[in-house]
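The values are calculated or read from the model by the stated rules, or taken from the named source; none is laboratory data. Given the structure is predicted, the values throughout are model-derived calculations rather than measurements. Glycine gets a Cβ as well: all are built from the backbone with ideal geometry, and neighbour counts include every protein chain shown.
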């Protein structure tokens, strides 16, 4: 089973200076990875 990340992630120059974000919201993939690295879980 493979997940096509393009369904969930987009990059637009006018949104968050072009950083990859979750579609429809202004949260970067980088921010999510940092939260997970600090110990936050999807249940938090």
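Using the structure shown, decide if residue 15 is surrounded by 12 or more Cβ atoms within 10 Å (Cβ to Cβ), in contact with a strand residue (DSSP E or B) (Cβ under 8 Å, 6 or more places away or on another chain) and modelled with pLDDT under 95. Here the answer is yes, as residue 15 does meet what is asked. Taken over the stretch 1-12, the criterion of being surrounded by 10 or more Cβ atoms within 10 Å (Cβ to Cβ) and either in contact with a helix residue (DSSP H, G or I) (Cβ under 7 Å, 6 or more places away or on another chain) or part of a helix (DSSP H, G or I) (or both) is satisfied by 5, 9, 11, 12. Taking first residues from the stretch 3-31 that are at positive phi and partners that are surrounded by 11 or more Cβ atoms within 10 Å (Cβ to Cβ) and outside any helix (DSSP H, G or I), the Cβ contacts under 6 Å between residues at least 6 apart in sequence or on separate chains come to 16/28; 18/11.
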